[in-house]
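For reference, the structure is listed below as structure tokens.
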Amino acid sequence: MKIFFDAVEQTFEQNNLYGVVDDLYSGVGTQFIKCHSCGYQSKQPSKFNDLQLQLENMGEQTEKNESIEQAMFKYLCPEVLEGDNAYQCSGCDTKVTASKGFRLDRLPKILTLHLQRFTLDYTTFMRKKLNDRMTFPLVLNMNHFLDEQKQNDPAQTT
């Protein structure tokens, strides 16, 4: 998508129209890590042009996402860092259990969802295409997925 957006943006800039792609397709989110001991949070705002949703969630058990909503909840569900993968907290100055994740702060006017339909088969170490069914609603209510503080602001739900 990045190559496509760059080409479109260059075409618009030649006609003195700047920022059209960003205005239509760019959203803002926050990558975060939150310490479970002292509550310290590390936050990094980031822009996105699309959300890459998994058809299968790899982990201890392979879990299939049957709907766009389920894939969105899994995408935004924080990962717990613990044990060997513990987080070095700046506030506690030690390795602690923490949550790491991504929050949506502002959605773009046109939201692009990229379904990742390929996975690695660990028995053959070959890529395989997933042909599993994934349902989607006619209207996707994204209010459920926005940062809680932003949910009550109607200007953020465009």
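The values are calculated or read from the model by the stated rules, or taken from the named source; none is laboratory data. Only a predicted model underlies this, so the values are computations on that prediction, with no experimental measurement involved. Virtual Cβ from ideal backbone geometry, glycine too; neighbours counted across all protein chains shown. Note: accessible area is taken over every heavy atom of the protein model, side chains too, but ligands, DNA and RNA are not part of it. Shrake-Rupley method; radii C 1.70, N 1.55, O 1.52, S 1.80 Å.
Output the residues belonging to the range 9-22 that are part of a helix (DSSP H, G or I) and more than 19 Å from His114 (Cα to Cα).
Passing the criteria: Glu9, Gln10, Thr11, Phe12, Glu13, Gln14, Val20.
From the list Asn65, Asn49, Asn85, which residue is without any contact (Cβ under 8 Å) to a residue 40 or more places away in the chain and either of a type in the set (S, T, N, Q) or surrounded by 13 or more Cβ atoms within 10 Å (Cβ to Cβ) (or both)?
So the residue among Asn65, Asn49, Asn85 that is without any contact (Cβ under 8 Å) to a residue 40 or more places away in the chain and either of a type in the set (S, T, N, Q) or surrounded by 13 or more Cβ atoms within 10 Å (Cβ to Cβ) (or both) is Asn85.
Taking only the range 112-148 into account, find how many residues are touching a residue at least 12 places away in the same chain (Cβ under 8 Å) and hydroxyl-bearing (Ser, Thr, Tyr).
Going through the range 112-148 one residue at a time, the tally reaches 3.
So Ser26 passes all but one of these: (1) open to solvent by less than 40 Å² (accessible area, probe 1.4 Å); (2) in contact with a His (Cβ under 8 Å, 6 or more places away or on another chain). Which condition number does it fail?
(2) is the only condition that Ser26 fails.
Among what's in the range 93-132 and is in contact with a Cys (Cβ under 9 Å, 6 or more places away or on another chain) and part of a strand (DSSP E or B), pick the residue that is most open to solvent (accessible area, probe 1.4 Å).
Lys95
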